[in-house]
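Student: The structure under discussion is supplied below as structure tokens; questions concerning it will follow.
The values are calculated or read from the model by the stated rules, or taken from the named source; none is laboratory data. Bear in mind that the values here come from a model prediction, so they are computed numbers and not experimental data. No Cβ is skipped: glycine too gets one built from the backbone with ideal geometry, and neighbour counts run over all protein chains shown.
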Amino acid sequence: MDAKADIFYEVSWEVCNKVGGIFTVVASKAVQMMNHYNNYWLIGPYFPKKAFGMFEETLAPEECKTCFDKLKAEGIEVHCGKWMVKGSPNVMLVDFTNFSVQKNSIKQKLWEHYKIDSLYTEWFDFDEPVVFATAAGKVIEVLSEIYLGKKTVAQFHEWLAAAGLLYIKSEKAKVGTVFTTHATTLGRSIAATDRNLYEMLDKISPDENAKGRGSSVFAKHLLEKAAAKNADVFTTVSEITGIEAEKILDRKPDVLLMNGLDMDKFPTFEEASVKHKLFKARIKQFLTYYFFPYQTFDIENTLIYFLAGRYEFTDKGVDVCIKALGKLNEKLKEEKSKKTIVCFFWIPGNIRSIKQELLENKTYFFDLKDSIDDETDLLKTRMLSLLITKGDITKENLFGAEFMQEIKPKVLRLSRKGMPPVATHDLFSEQNDAILNAFQQANLSNKTEDRVKVVFYPIYLTGADGLLDTSYYESMQGAHLGIFPSYYEPWGYTPLEAAALGVSSVTTDLTGFGRYLCTECVPEKNPGIFVLKRFGRAYDETVQDLASIMYYFANLPVQERVANKMTSQKVAATADWKLFIERYIEAHNLAISRL
């Protein structure tokens, strides 16, 4: 599909400013946008510390300098340059520091033009992005006057950029506008507090409900609603968010702009297989010093499950995951299974420090490992000699009496009484931590007889955390199954990323990605990505269904787990930006036709 616009601006709070999932959306599709538009600019806020290492400043286009000088006189300073992501797209970062004195005037106009009540909102929660977005709208307005006669489209992501669209509409600038909501503020609030969003949609008055949730939620809701109603084209990122938006924002989306990935960045199946072995070995080494000082199990008959994401206990389905693991544990114990499941919860929390006993375990383990490594060549020689001479391969013959005497204290030092901890770190207010309390309620305490072990790993996976020392993607690649039973997830990048890395996962039909799989992908015997039914299902049924999926996967033979890995990558390939970008062009062209 050919783009009809001559110039395209894309406005987001997350341009060169990593906050959440929209950063991935705008960054990962930049190359495909550049393939469709010769004149494509991303517009974001200018925060020098966050822009450092991510933004390379250049001179502004010659024809823009005069209007940028005028904007500077109004308190708006535009920094032109390149975003240092794949494709190096053009970027304008807007410094609105001096423009912020207009805050009250901006909010007054939003009330006068659109009846958006923001009288009691606060700077960091609402006012700051509204001032930025209005400044971005003014930038686009003056540029549209410079490039008069050029067909221009501007797309605004989420409520954080919505005020820019409303400014353009109030000034009647000759710019086609697209508003994209990645979630609704009210929907997210209901899902987090009431856990029955989809049952409530037909029963509530959105404005009244939002008003009862405080000034911030109410103002954001009104801002979203005004942007959705006044945009030339209204879009959301998935079918499930479209259903929500139609009820809450009172407009059905014109186009669904589903979130893709740049699949060229991800490994081939062969590369993924090599990395799986590498990082699985690293994770199992961690498990050895985490668990084995207290208890042992067959590490080679152990599967690694994980849940990763923000600490949103119900929205991300953490509650469902823990309850299902509890049921899985009881079933495996009843069967006297020899298999062990270790489930990581890679969810950043409110930490104090790494547990002291874990640091000691790690130190003692590597001291023991170093001693073995130092003897490796001698061990090989002795083993070869014993095999050739048909000697008895005993510990004494293999290691030698002197070495056994030296190593024994190190082995004993690694031994501990009690049970392995359920978290790697000490947390502030542990008695109030939802995850730790849910572990206790599900009888997941890492007892010797438990076949399901849990590890709450409450820090960001940076690759240099002093424990696993693996990045987010590396940690995923070392695992066997990702579990993402989200209740509220407008799209859901994590299961898609896992699939692209060749890792099987579970998502739900309440996520945008899950709905996409249900409607546009034909499931195979080994689906790669399992879709848990949550829409219209009772909570306890959902828990039991997830436990069944976990149990089924745990008992798959190796060749079928490999088949699932292959299918997951094949499914992920259907969400390549090369395919999904056509929907963006459709939305932009529709905006041009409605000018």
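Student: Quick check on the stretch 35-58: of everything there that is closer than 16 Å to VAL85 by Cα and of a type in the set (Ser, Thr, Tyr), which residue is surrounded by the most Cβ atoms within 10 Å (Cβ to Cβ)?
Tutor: Per the criteria, the residue is TYR40.
Student: Do we find a residue being surrounded by fewer than 20 Cβ atoms within 10 Å (Cβ to Cβ) and either part of a loop (DSSP other than H, G, I, E, B) or at positive phi (or both) anywhere in the stretch 267-274?
Tutor: Yes, because at least one residue in the stretch 267-274 is surrounded by fewer than 20 Cβ atoms within 10 Å (Cβ to Cβ) and either part of a loop (DSSP other than H, G, I, E, B) or at positive phi (or both).
Student: Is it true that GLU199 is loosely packed, with under 15 Cβ neighbours inside 10 Å and either part of a loop (DSSP other than H, G, I, E, B) or at pLDDT 95 or above (or both)?
Tutor: no
Student: Quick test for you: out of PHE513, PHE553, PHE530, pick the one residue that is in contact with a Gly (Cβ under 6 Å, 6 or more places away or on another chain), assigned by TED's automatic domain parsing to the domain that holds PRO490 and under 30 Å from GLU270 (Cβ atoms).
Tutor: Only one candidate qualifies: PHE513.
Student: Of all residues in the stretch 319-342, which are in a helix (DSSP H, G or I) and over 24 Å from LYS280 (Cβ atoms)?
Tutor: ASP319, VAL320, LYS323, GLY326, LYS327, GLU330, LYS331, LYS333, GLU334
Student: Would you be able to say whether some residue in the stretch 310-323 is over 20 Å from the mean Cα position of the chain (by Cα) and either outside the structural domain of SER486 (by TED's automatic domain parsing) or without any contact (Cβ under 8 Å) to a residue 12 or more places away in the chain (or both)?
Tutor: no
Student: Here is a further query. Residues of the stretch 212-245 being small (Gly, Ala, Ser) and either touching a residue at least 12 places away in the same chain (Cβ under 8 Å) or within 23 Å of ARG594 (Cβ to Cβ) (or both), which ones?
Tutor: SER215, SER216, ALA219, ALA226, ALA227, ALA228, ALA231, SER238, GLY242, ALA245
Student: Here's something else I'd like to know. Scan the stretch 1-12 residue by residue and report those that are at pLDDT 95 or above and either among the aliphatic types (A, V, I, L, M) or surrounded by fewer than 23 Cβ atoms within 10 Å (Cβ to Cβ) (or both).
Tutor: ALA3, LYS4, ALA5, ASP6, ILE7, VAL11
Student: Here is a follow-up. Cβ-Cβ under 9 Å, sequence separation 6+ or interchain: first residue in the stretch 282-297 and surrounded by fewer than 18 Cβ atoms within 10 Å (Cβ to Cβ), partner acidic (Asp, Glu). Which pairs?
Tutor: Listed pairs, sorted by first residue: ARG282/ASP469; ARG282/GLU474; LYS284/GLU300.
Student: Can I ask one more? So, in the stretch 345-403, how many residues would count as being more than 35 Å from the chain's Cα centre (by Cα), of a type in the set (A, V, I, L, M, F, W, C) and not in a helix (DSSP H, G or I)?
Tutor: 1
Student: Check off (1) surrounded by 15 or more Cβ atoms within 10 Å (Cβ to Cβ); (2) farther than 17 Å from GLN295 by Cα for LYS395 and give me the number that stays unchecked.
Tutor: LYS395 satisfies every listed condition except (1).
Student: Do you know which of the residues in the stretch 166-196 that are assigned to a helix (DSSP H, G or I) and among the β-branched types (Val, Ile, Thr) is farthest from the chain's Cα centre (by Cα)?
Tutor: ILE168
Student: Now for a different question. Return the residues of the stretch 230-279 that are closer than 30 Å to ALA591 by Cβ and charged (D, E, K, R); say none if nothing qualifies.
Tutor: Selection gives ASP232, GLU239, GLU244, GLU246, LYS247, ASP250, ARG251, LYS252, ASP254, ASP262, ASP264, LYS265.
Student: Does THR389 meet the test of being out of contact with any Lys or Arg (no Cβ under 6 Å at 6 or more places or on another chain), among the polar types (S, T, N, Q) and surrounded by fewer than 10 Cβ atoms within 10 Å (Cβ to Cβ)?
Tutor: yes
Student: Here's a follow-up. Hey, can you tell me all the residues within the stretch 427-481 that are in a loop (DSSP other than H, G, I, E, B) and either on the phi > 0 side of the Ramachandran plot or exposed (fewer than 14 other Cβ atoms within 10 Å of the Cβ) (or both)?
Tutor: PHE428, SER429, ASN443, ASN446, THR448, GLU449, TYR460, GLY463, ALA464, GLY466, ASP469
Student: If you don't mind, another one. Looking at the stretch 144-159, I want the residues that are farther than 21 Å from ALA228 by Cβ and have a partner that is aliphatic (A, V, I, L, M) and at pLDDT below 95 with Cβ atoms under 8 Å, at least 6 apart or on another chain. Which pairs are those?
Tutor: LYS151/LEU595
Student: Within the stretch 51-89, take every residue that is among the β-branched types (Val, Ile, Thr) and under 18 Å from GLU145 (Cα atoms) and give me the one that is farthest from the chain's Cα centre (by Cα).
Tutor: Among those that are among the β-branched types (Val, Ile, Thr) and under 18 Å from GLU145 (Cα atoms), it is THR66.
Student: Which of the residues that make up the stretch 167-190 are surrounded by fewer than 22 Cβ atoms within 10 Å (Cβ to Cβ), under 24 Å from PHE23 (Cβ atoms) and among the small types (Gly, Ala, Ser)?
Tutor: Residue satisfying the conditions is SER189 alone.
Student: Search the stretch 398-412 for residues being loosely packed, with under 15 Cβ neighbours inside 10 Å and in contact with a helix residue (DSSP H, G or I) (Cβ under 9 Å, 6 or more places away or on another chain), and hand back the single one that is nearest to ASN446 (Cα to Cα).
Tutor: VAL411
Student: To continue, here is another question. Restricting attention to the stretch 105-126, does a residue exist that is among the basic types (Lys, Arg), assigned to a helix (DSSP H, G or I), farther than 28 Å from ASN38 by Cβ and without any contact (Cβ under 8 Å) to a residue 40 or more places away in the chain?
Tutor: Yes, the stretch 105-126 contains a residue that is among the basic types (Lys, Arg), assigned to a helix (DSSP H, G or I), farther than 28 Å from ASN38 by Cβ and without any contact (Cβ under 8 Å) to a residue 40 or more places away in the chain.
Student: Right, next: Check whether at least one residue in the stretch 204-212 is hydroxyl-bearing (Ser, Thr, Tyr) and surrounded by 15 or more Cβ atoms within 10 Å (Cβ to Cβ), and report yes or no.
Tutor: The answer is no, given that none of the residues of the stretch 204-212 is hydroxyl-bearing (Ser, Thr, Tyr) and surrounded by 15 or more Cβ atoms within 10 Å (Cβ to Cβ).
Student: Here is a list of conditions, (1) modelled with pLDDT of 95 or more; (2) in contact with a strand residue (DSSP E or B) (Cβ under 8 Å, 6 or more places away or on another chain); (3) surrounded by 13 or more Cβ atoms within 10 Å (Cβ to Cβ), and ASP319 meets all of them except one; can you say which number that is?
Tutor: (2)
Student: Something else: Residues being modelled with pLDDT of 90 or more and over 15 Å from PRO495 (Cα atoms): count how many of those fall in the stretch 512-534.
Tutor: Number satisfying all stated conditions: 2.
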